[in-house]
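The values are calculated or read from the model by the stated rules, or taken from the named source; none is laboratory data. Everything numeric in this text was worked out from a predicted model, so none of it was measured. Glycine gets a Cβ as well: all are built from the backbone with ideal geometry, and neighbour counts include every protein chain shown. Ligands, DNA and RNA are stripped out before the accessible areas are found, and what is left, the full protein with its side chains, is counted by its heavy atoms. Shrake-Rupley method; radii C 1.70, N 1.55, O 1.52, S 1.80 Å.
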Amino acid sequence: MPETYDYGILGVGEIGAVIVTGLCEGVDDAPRILLSPRNAGRAAALAARYPSVAAASDNQAVIDSCAAVVLSVRPADGRALLPGLAFRPSQAIISAMAGVPDDELADLVAPARDIARAIPLPPVSRRAGITPVHPGTPAARALFGRLGGASDTADPAAFEAMSAATATIAAHLRYVATISGWLSTRGVAPGQAERYVRSIYASMAEDLGDSPADLGQLARAHATPGGLNERFAAMLDEAGVFHAVAQSLDAL
């Protein structure tokens, strides 16, 4: 069967959907994308929303019709699904399956040899953020170049460390929620507290993106000697919070 689509996506969950959205939303020359029937309702909704997107009748049709295939299924599902599919040696594979190492992935998609792993996050739907790719194959760089940018990572251990770093998002949000919750116990209305805390960290996110300073310099710049920020950071340090972050990342 001839390749009639630029990208095939196996697994139309959250990550598959944000990739499609980033590639197509507001884009005049959106690539042709074929979606697997997994999560058929979401696949149908995306196909209805974007003219360049279609839903396949089965998983093998995605493999047969696409020059590059994005694997966005859960690892356990991928291990069950992929051995039953017939890939081509020349096919480009981009895996977003967390925790499936290079050698296992190569076995799962053999005889395909053009293989990369990636760590896409929800901001790719807005073509924002940098996506680590390992290795930086032309197909992986081209895909994530459309979605905010790719960060080539040749060392597999470094790639695994970057994957672990994404696990800090829920904890960071819990930290922010704790601050908001504390304010609401001190007489600030819950909605007002949340808006205020969101505004603090939203403005900080903009500063992070725009500042040429490294993160350590930014932390020190906000820690005025004798000020509240310095005192609060020192209390967390004394409680072992920052050491616990590094330890937990090591454990992951």
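Name the residues whose placed amide hydrogens come within less than 5 Å of the amide hydrogen of residue 151, ignoring near sequence neighbours (fewer than 5 apart) on the same chain.
Sorted by chain and number, the residues that satisfy this are 131, 133.
Based on alpha-carbon atoms only, what is the radius of gyration of the chain relative to the globular estimate 2.2 N^0.38 Å?
With N residues counted in the chain, Rg over 2.2 N^0.38 Å equals 1.19.
Nearest 20 debye, what's the magnitude of the dipole of the chain about its Cα centre given +1 on Lys and Arg Cβ and -1 on Asp and Glu Cβ?
720 debye
Got a number for the accessible area of residue 162? Probe 1.4 Å, square angstrom, nearest 10.
The accessible area of residue 162 comes to roughly 70 Å².
Could you work out the helix-only [θ] at 222 nm for the chain, with each DSSP H run of four or more residues adding -39,500 (n - 2.57) and the total divided by the number of residues, to the nearest 500 deg cm²/dmol? List each step's numbers first, then the result.
Details: 12 runs with 127 residues, N = 252.
My calculation for the chain gives -15000 deg cm²/dmol from helical runs alone.
Using a 1.4 Å probe, what is the accessible area per residue for region 38-186, in Å²?
48 Å²
How would you rank 147-158, 6-17, highest first, on the average number of other Cβ atoms within 10 Å across their residues?
In decreasing order of mean packing, 147-158, 6-17 become 6-17, 147-158.
Quick check: the angle from helix 241-251's long axis to the longest principal axis of the chain, C-alpha only, nearest 10 degrees?
Here the helix axis deviates by roughly 20 degrees.
Using alpha carbons only, what's the Rg to Rh ratio of region 100-184 with Rh from Kirkwood?
Result for region 100-184 is an Rg/Rh of 1.12.
Which whole-number percent of Cα pairs in region 47-193 have a distance greater than 26 Å?
The share of Cα pairs beyond 26 Å in region 47-193 comes to 37 percent.
For region 21-98 and region 192-238, what is the separation of their C-alpha centers, rounded to whole Å?
Computed from Cα coordinates, the inter-centre distance equals 40 Å.
Given 10 Å bins starting at zero, what is the percent of C-alpha pairs of region 1-87 in each, up to the one with the largest pair distance?
Histogramming region 1-87 at 10 Å steps yields 19, 56, 23, 2 percent.
Peptides 219-228, 99-108: what's the order by average Cβ count within 10 Å, highest mean first?
Packing order, densest peptide first, comes out as 99-108, 219-228.
How high is the relative contact order of region 1-132, given as a whole-number percent (alpha carbon pairs under 8 Å, six or more residues apart)?
Contact order relative to length: 26 percent.
Just to confirm the number: angle between the C-alpha axis of helix 156-165 and the first principal axis of the chain, 0 to 90 degrees, nearest 10?
The answer is roughly 50 degrees.
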